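The values are calculated or read from the model by the stated rules, or taken from the named source; none is laboratory data. All figures in this text were calculated on a predicted structure; none of them were measured in a lab. Please note: Cβ atoms are built from the backbone with ideal geometry, for glycine as well, and neighbour counts cover all protein chains shown. With ligands, DNA and RNA removed, areas are computed over all heavy atoms of the protein, side chains included. Shrake-Rupley method; radii C 1.70, N 1.55, O 1.52, S 1.80 Å.
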Amino acid sequence: MATASNPLYAGRRRRNTVATGLAYAATAFGLGWLVMILGVLIYEGIGGLSLAVFTENTPPPGSAGGLLNAIAGSIAMTVLAVAIGTPIGILAGTYLAEYGRHDKLSTVVRFINDILLSAPSIVIGLFVYEIMVAPMGHFSGYAGAVALAIIVIPVVVRTTEDMLRLVPDTLREAAASIGLPRAHMIVRIAYRAARAGIVTGILLAIARISGETAPLLFTALNNQFWSLDMNAPMPSLPVVIFQFALSPYEEWQKLAWTGALLITVTVLGLSIIARSLTARKS
Amino acid sequence: MSEVALNETNLSTSEAVSRAALLKRLRRTDQAFRLLTRAAVLAVLGLLSGVILALIIGSVPAIEAFGPGFVVTEVWNPVTEQFGALAPIYGTLVTSFIAMVIAVPIGIMIAFFITELCPLWLRRPIAIAIELLAGIPSIIYGIWGLFVLAPFLQKHVQPFLIDTFENVPGLSSLFEGPPYGIGMLTAGFILAIMVLPFITAISRDVFDAVPAVLKEAAYGLGCTTWEVFKHVVLPFTRIGVIGGVMLGLGRALGETMAVTFVIGNAHKVSASILAPGTTISASIANEFTEAVGDLYTSALITLGLILFVITFIVLAIARYMLLRLQQQGR
C-alpha cells in the first residue's frame, strides 16, 4: 500500500500508461489508413463496376467505355514478364542456396539482389528505355514486359533461396548416398520439397508487378485501342489509371477508380493465396 | 575359377557399357545445370551493372553541358534548355524527411504494441493487415491521395497550420502561402503511410528476436512494460531498427507514383512545405515521355542516376546494419 502512494512509482506507472496508450493509438492510426483506403476504394470503385468495364475499350474523353484493352495489355505483359523472369530467378536462387552457399560470388549477388529488390522502379524504366526503346526507335509491349521481368527476378531469387534453404540437408545427403548427381537431386528432390514456397514467391512477384506503373510509363507507353501486338505501344491498367485519374473528365476519373479497385483486389487476392500456401506448409 | 570369373565379366560387358553411357549422360546434365545456375547468377550481377552503366552513358550529354553545377542549379527550363537538379533533389529529401518524421515513431510504437502488448490471438491478424498495407500498389495511394487526402488537408489541416504558425518566428515560413492541398506536406504524408508497414514489419522482427530471459530479468527487477521496452528491447535491437528505418527511407526516396499525383510538379525550391514542388522520380515520370531533344532527355536520365546513387547508398547501409545484427545474433 505504501508503494502505491510513492510519487516515484506513481510517476513510472503514469509514464507506462501514457506510452502504452500511445502504442494503442499508433496501431489504430496505422490500421485506420488501411480501412480508410480500402473503404474509399470500394465505395468509389464499385459504382463504376459493370460488364462494360470488361467488354469495351478505353473511351475517348467525355464518353463511356471500359478497360478491356488495358486489362488485356496488363495480362499480356505480366505473363511475358513472368515467363522471362521466373526461370532466371529460380536458377539464380538455386545457385545461391545449393552450389555457392558460402562463396564470395553468392555474397555479392545476395547483396545486389537485395538492392534490386528495393531499387526505385522508375530507374528500371529508364534502363529499359535506354537498352530497348531508344535502339528500337519506338515504345513496345516487349519493353514493358522486360521492365517488369527485371522487377520479378529479385523477388523470385530471394524466395527461391530462402525456401531451398529450408529443405533439410538429410534429404540431400540421402540422395547423394544413392549416387544421384547434384543437379538431379536439386530438380527431383529439393525443388519438390520447396515447391509451395517457390510458387509463393512467383505469386508475390506477380502481385508486385500488377500494380507497377513507373517502369511502364516510358517503355510500353499507352494505347487507346485494342491491340495485342507486343511490338507496339501497349496499354496497361496502372498507366491508364494514372492518365485517367489526372484528367479533368468525370467518366475517365470514374474508370480510374474502377481500375484501381480491380488492381487492389488482384494484388490482395494474390498475396492472400500466397500466404495461405506457405502457412499450410509450416 | 578364372574361367568363371572371365565369363562373368564377359556377360556384363554390354551392361557395363550402357551403365557408363548413363553415368556420362548424368554427369553431363549435372554439369550443364550447374553452369546454367551460375549463368543466371551472373545475369543478376550484370543487371545491376547494366543499370548503372546505361544511366551513366545516358547522362553524359547533360553532365558535359552543365558540369557539377547541375546539382546546385534551380533553373529548369525546357524551352531554353537550361536544366538544374536542385529543386527535384530538394523535394525528394524534404518529402522523405517528412515521411520519416511521421512514420518512424509510429512504426516503432506499432511494433511495440504487436510484440509486447497485443493479446496473442490478435497478433497474426494485425501483422497480416500491416503487411497488406505494404502490398497495396503505390498508384492506389496516389489516386487516394489526390481525390481524398489532398482536399481534406486543403480544407481542414492546412488553413489551421497556416493560422497557428503565422506569428511564430522561424516556423511561419515553413507553413506559408495558400493551402493548395497538393504539395510537399501531402506527398510526405502519403509516403509516411507507405513506408509505415516496412518499418513496422522489420522492427517487429527484430523485437521478436530479443531473448526472453533479458526481458524477464528486467521484469523481475520490477520494470514496467515501457521501461523494459525502452531500456532493454530498444538498446538491444538498435542496429536492426536503424536498418529497417533506412530500408523505409530507401523506399520513400525512390517512390514515384504516389508522389507524382500529389506533389504539384513545380521546379521550385520553397521554404514552405505547403508549397507544390517536385521530386526526382516525379519529374522523370511527368516529363520523360514529353521530353524533346537529347539534352532534356539526358537531364532527366541524370536525375535518375542521382536518385539511384542516393538510394543505393541508403539501401547498402540498411543491408549492412541488418547483416551485422544477424551475425551478432549467431
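Each of B:T29, B:V245, B:T289 was placed along the dipole of chain B (beta-carbon charges, centred on the mean Cα), and the one lying farthest toward the positive end is B:T29. Each Cα pair of segment B:151-214 feeds into the Kirkwood radius, which the Stokes-Einstein equation turns, at 10 °C and 1.306 mPa s, into a diffusion coefficient of 110 µm²/s.
Packing around the peptides B:68-77, A:67-76, B:293-302, B:314-323, taken as the average count of other Cβ atoms within 10 Å per residue, puts them in this order, highest first: A:67-76, B:293-302, B:314-323, B:68-77. Remark: segment A:224-282 projects, on average over all directions, an area of 5.7 nm² (convex hull of Cα atoms).
Enter the per residue convex hull volume of the protein assembly as shown, computed from alpha-carbon coordinates, in Å³ rounded to the nearest integer. All intermediate terms of the calculation are to be shown ahead of the outcome.
Values: hull volume 134.0 nm³, N = 612.
Hull volume over Cα atoms, normalised by residue count, gives 219 Å³.
Ligands, DNA and RNA left out, the 1.4 Å accessible surface of the protein assembly as shown is 66% carbon and sulfur atoms.
For the residues of B:103-111, the average number of beta carbons from a partner chain within 10 Å of their own beta carbon is 4. In terms of its Cα atoms, chain A spans 75, 71, 34 Å along the principal axes, sorted from long to short. Gain on full extension, evaluated as 0.36 nm per residue between B:Q82 and B:A43 minus their Cα-Cα distance, stands at 10.3 nm. Ranked by the mean number of other Cβ atoms within 10 Å per residue, highest first, peptides A:31-44, B:181-194, A:196-209 order as B:181-194, A:196-209, A:31-44.
Rank-order B:87-94, B:250-257 by packing density, defined as the average count of other C-beta atoms within 10 Å over each peptide's residues, highest first. Write down the numbers at each step before the final one.
Values: B:87-94: 23.1, B:250-257: 26.6.
Those peptides, ordered most packed to least, come out B:250-257, B:87-94.
Considering only A:L164, A:L105, A:L22, the mean-square fluctuation computed in a Gaussian network model of chain A, springs between alpha carbons under 10 angstrom, is largest for A:L22. Per the Debye formula on identical point scatterers at the alpha carbon atoms of segment B:69-329, with no solvent, log10 I(q)/I(0) at q = 0.12 Å⁻¹ is -0.80. Which is farthest toward the positive dipole end of the protein assembly as shown among A:P235, A:L49, A:V157, measuring Cα position about the Cα centre, with Cβ charges +1 (Lys, Arg) and -1 (Asp, Glu)? Farthest along the dipole direction, towards plus: A:V157. Each stretch of four or more DSSP H residues adds -39500 (n - 2.57); spread over every residue of the protein assembly as shown, this sum gives -24000 deg cm²/dmol at 222 nm.
Note on segment A:158-282: with charges restricted to the Cβ of Lys and Arg (+1) and Asp and Glu (-1), its dipole about the Cα centre is near 700 debye.
I want to make sure I understand the PRE zone here: with the label point 7 angstrom from the Cα of B:L174 toward its beta carbon, which residues in segment B:94-126 have backbone N atoms less than 19 Å away? Of the residues in segment B:94-126, B:94-106 have backbone N under 19 Å from the label point off B:L174.
Using a Förster distance of 51 angstrom, determine the FRET efficiency expected from the C-beta separation of B:D294 and A:V265, and round it to 0.05. Kindly include the intermediate steps, with their values, before the conclusion.
Details: r = 42 Å, r/R0 = 0.83.
Once the sixth-power term is evaluated, E becomes 0.75.
Compute for segment B:44-88: radius of gyration divided by Kirkwood radius, i.e. Rg/Rh, restricted to C-alpha atoms, rounded to two decimals.
Numbers: Rg = 13.1 Å, Rh = 11.8 Å.
Ratio of gyration radius to Kirkwood radius for segment B:44-88: 1.12.
Using only side-chain charges placed at the Cβ, +1 for Lys and Arg and -1 for Asp and Glu, the dipole size of chain B relative to its Cα centre rounds to 1080 debye.
Distances longer than 17 Å among the Cα atoms of segment A:1-120: what percent of all pairs is that?
Working: 5662 of 7140 pairs.
Considering segment A:1-120, 79 percent of its Cα-Cα pairs are separated by more than 17 Å.
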